């Protein structure tokens, strides 16, 4: 590839021209009013990075050609802008140089733009968004047009649809007698783009036409930068718009209905972060408080936190576990770390297309911009609104959906699924192979799981049912009983309570299958701390049950081996509840290491027709998968405990003491308790799946650990052939989306082989 390409040429390689360069080439060939210019390619950047040399002769020749095209010389009626153009959009992270009027300035500007690829904010943005640092950037050299020339001049940013809601129709802002930097920096608060309709109706109509044309051309929502110079419209850039999760889902579904894209493309386009952002929290109705101040509803959602006034404080407080709201006069690209650390953002100045709004929307964080009634004193670390003083550390609540700011911490609630998300999920159900179930232990959680589209309950933890005060007292009676009759009375009482619990669950299921895990916790977990007990007999029993390493101790099926009446009670309670409320119930045995344990529990089931499975959470169980498969109906990998076992890490101690250091130093790429460790835990799971299916082809295999709803983990689990994942209710839509994306990606990967086969 050449080191320079003009917009009028046809090459459209984004890994040479960057996104901005490609869009300028596309728009030029569409005949849109684009100021002419050329792109210094990414190859030129890579050469510069190695040698600090620019292709001077080629650039000089290109400037001469641009001068000839325009009919004006550089510095004599012609000035150019120099902007970055990376292969991945990084809004505001790299430098822009305007009003360049001679070759000494041009070469300096190119060096500055290339150097800005490695500035702190760009590096941090790439880290947060997992963008490879090896991509590099191109530089766009473009003839200047002037939005500050006269009263019929200005600059604006236009979205082809509302980037917060996804509603159809152009949405944007316009700043009269200004340049682009004045708008995106947030130093001035612009007017809605509709004001152009009265000022320059022809320009407004042309903008509407161009926005529609670009959206249909690129088949996606567009973010368009434009300048008006003395009544003449110029388009400076178009790119795929940063949008809220709600807008991403709505626009994708609407575009399918408009026949711009297919359902497959809609599924592939929406990201897990979009779904997560759509399920953001909102203020719990009714909100009776009067807002402290109102600004622009820049990014939807609600959040509460302590006020901080700079990104360093935001990061420091967030590391302590404190929820913070970053309050700034306006944000700049240097605030990226603070925005990432904060729960939400409030700015005094800036509009809906300012840096704060765009970045917060992209991160799924609520943002209120342009709250011009607040007066910020950064030195005193406080702001005031009409006589009300708010100091750093005080709590506020922001509502980015409505643009309101409140004093204090207000109650928030999760949102329900939109019609568009339900439509998207129905398409995902048609494409995915993986089943998606929920972890749920109460009727309320089951109801929530059904709302989010769960196909069953993959994990019901029975120990959660013992936490209620009346149940806790009864199980303590059983544990502390001095003789057999007292233990029998206590276990019978507990069984009656458990039967009632199961009945409530089965009624809520309404036909959905459920897997009930028998008691997993060690008995001492149900007892009070020793120093809170006065009775010497009770203290003695607590001391007897105390363990050095309880997570590897007397728990799960080991408890059933020594005290079989507990599992017997639970099984009988399930059977009695089923007699009253029929349901599709399976039982699962935790902490199994050998087939003999599974067989022992199966004997407790006697003539029951319930399916029996084991939780695969020990290394030995995985290595004995073939033998276990012959004795049970299903496996469910418990990846939380399995990760602990494979790493020999205690999760709590690891995360408190050394795991952060491991991640910082790059010893581990991800927290293995959040993202499945493919190279270790995953490899062990693959081995177990292989031997289990070899022993019993029809055995059902699921995963119900923390990682079962994490996007990268779900993609991997799809590839190793598990049948379902089970996750928290709020992660069900994400798991469904990723499962569908994985299935579609597999279909695309196999397409070349199919075509090759058909060609034989």
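Would you mind stating whether residue 463 is in contact (Cβ under 8 Å) with a residue 40 or more places away in the chain, in the same structural domain as residue 584 (by TED's automatic domain parsing), in a helix (DSSP H, G or I) and buried (at least 20 other Cβ atoms within 10 Å of the Cβ)? If you could, list the steps in order and put the result at the bottom.
On the way: in contact (Cβ under 8 Å) with a residue 40 or more places away in the chain: yes; in the same structural domain as residue 584 (by TED's automatic domain parsing): yes; in a helix (DSSP H, G or I): yes; buried (at least 20 other Cβ atoms within 10 Å of the Cβ): no.
Considered against the rule, which asks whether it is in contact (Cβ under 8 Å) with a residue 40 or more places away in the chain, in the same structural domain as residue 584 (by TED's automatic domain parsing), in a helix (DSSP H, G or I) and buried (at least 20 other Cβ atoms within 10 Å of the Cβ), residue 463 comes out as no.
Could we say that residue 123 is part of a helix (DSSP H, G or I) and under 21 Å from residue 60 (Cβ atoms) here?
Details: part of a helix (DSSP H, G or I): yes; under 21 Å from residue 60 (Cβ atoms): no.
For residue 123, the condition - part of a helix (DSSP H, G or I) and under 21 Å from residue 60 (Cβ atoms) - is not met.
Take the conditions assigned by TED's automatic domain parsing to the domain that holds residue 464, in contact with a helix residue (DSSP H, G or I) (Cβ under 6 Å, 6 or more places away or on another chain) and modelled with pLDDT of 90 or more and apply them to residue 496. Does it pass?
No; evaluated as a whole, the condition is false for this residue.
Take region 208-236 and flag every residue that is in contact with a helix residue (DSSP H, G or I) (Cβ under 9 Å, 6 or more places away or on another chain), in a strand (DSSP E or B) and either buried (at least 19 other Cβ atoms within 10 Å of the Cβ) or modelled with pLDDT under 95 (or both).
222, 223, 224, 225, 226, 227, 228, 233, 235, 236, listed by residue number.
Please enumerate the residues belonging to region 78-98 that are out of contact with any helix residue (DSSP H, G or I) (no Cβ under 8 Å at 6 or more places or on another chain) and farther than 26 Å from residue 136 by Cβ.
Looking only at region 78-98, we keep the residues that are out of contact with any helix residue (DSSP H, G or I) (no Cβ under 8 Å at 6 or more places or on another chain), and these are 79, 81.
79 - this is the single residue of region 78-98 that is out of contact with any helix residue (DSSP H, G or I) (no Cβ under 8 Å at 6 or more places or on another chain) and farther than 26 Å from residue 136 by Cβ.
Got at least one residue in region 409-425 being at pLDDT 95 or above, within 26 Å of residue 591 (Cα to Cα) and touching a helix residue (DSSP H, G or I) at 6+ places or on another chain (Cβ under 7 Å)?
Checked region 409-425: no residue is at pLDDT 95 or above, within 26 Å of residue 591 (Cα to Cα) and touching a helix residue (DSSP H, G or I) at 6+ places or on another chain (Cβ under 7 Å).
Take the conditions outside the structural domain of residue 365 (by TED's automatic domain parsing) and at pLDDT below 95 and apply them to residue 112. Does it pass?
Details: outside the structural domain of residue 365 (by TED's automatic domain parsing): yes; at pLDDT below 95: no.
No.
Based on this model, can you work out whether residue 346 counts as crowded, with 23+ Cβ neighbours inside 10 Å, within 25 Å of residue 163 (Cα to Cα) and out of contact with any helix residue (DSSP H, G or I) (no Cβ under 7 Å at 6 or more places or on another chain)?
Values: crowded, with 23+ Cβ neighbours inside 10 Å: yes; within 25 Å of residue 163 (Cα to Cα): yes; out of contact with any helix residue (DSSP H, G or I) (no Cβ under 7 Å at 6 or more places or on another chain): yes.
In short, yes.
Find all pairs meeting these conditions: Cβ atoms under 6 angstrom apart; at least six residues apart or on different chains; first residue within region 477-497 and under 22 Å from residue 577 (Cα atoms); second residue outside any helix (DSSP H, G or I) and at pLDDT below 90.
Cβ pairs passing all conditions: 490/481.
Residue check, residue 607 against (1) surrounded by fewer than 21 Cβ atoms within 10 Å (Cβ to Cβ); (2) closer than 30 Å to residue 504 by Cβ; (3) touching a helix residue (DSSP H, G or I) at 6+ places or on another chain (Cβ under 7 Å), all met but one. Which one?
The number of the failed condition is (3).
Regarding residue 376, is this residue farther than 19 Å from residue 334 by Cβ and either without any contact (Cβ under 8 Å) to a residue 40 or more places away in the chain or not assigned by TED's automatic domain parsing to the domain that holds residue 124 (or both)?
Working: farther than 19 Å from residue 334 by Cβ: no; either without any contact (Cβ under 8 Å) to a residue 40 or more places away in the chain or not assigned by TED's automatic domain parsing to the domain that holds residue 124 (or both): yes.
Spelling it out, it is not the case that residue 376 is farther than 19 Å from residue 334 by Cβ and either without any contact (Cβ under 8 Å) to a residue 40 or more places away in the chain or not assigned by TED's automatic domain parsing to the domain that holds residue 124 (or both).
Would you check which residues across region 645-661 are within 20 Å of residue 551 (Cβ to Cβ) and either under 25 Å from the mean Cα position of the chain (by Cα) or part of a loop (DSSP other than H, G, I, E, B) (or both) and list them?
648, 649, 650, 651, 652, 654, 655, 656, 658, 659
Being over 26 Å from the mean Cα position of the chain (by Cα), at negative phi and not in a loop (DSSP other than H, G, I, E, B): is that true of residue 151 here? Please lay out each step first, then the result.
Details: over 26 Å from the mean Cα position of the chain (by Cα): yes; at negative phi: yes; not in a loop (DSSP other than H, G, I, E, B): no.
No, not satisfied.
Which ones in region 237-257 are part of a loop (DSSP other than H, G, I, E, B) and crowded, with 24+ Cβ neighbours inside 10 Å? Please lay out each step first, then the result.
So the first thing to find is which residues in region 237-257 are part of a loop (DSSP other than H, G, I, E, B), and the list is 241-244.
The answer is 241, 243, 244.
Can you tell me how many residues in region 30-58 are without any contact (Cβ under 8 Å) to a residue 60 or more places away in the chain, assigned to a helix (DSSP H, G or I) and surrounded by 14 or more Cβ atoms within 10 Å (Cβ to Cβ)? Talk me through it step by step, then tell me what you get.
Keep residues of region 30-58 that are without any contact (Cβ under 8 Å) to a residue 60 or more places away in the chain, which gives 31, 43, 47, 50-58.
Next, from what is left, pick out any that are assigned to a helix (DSSP H, G or I): 43, 47, 50-51, 56-58.
Among the residues that remain, those that are also surrounded by 14 or more Cβ atoms within 10 Å (Cβ to Cβ) are: 43, 47, 58.
Adding up the residues that qualify gives 3.
The values are calculated or read from the model by the stated rules, or taken from the named source; none is laboratory data. Just so you know, these numbers come straight off a predicted model, no measurement behind them. Note: ideal-geometry Cβ built from the backbone for every residue, glycine included; neighbour counts use all protein chains shown.
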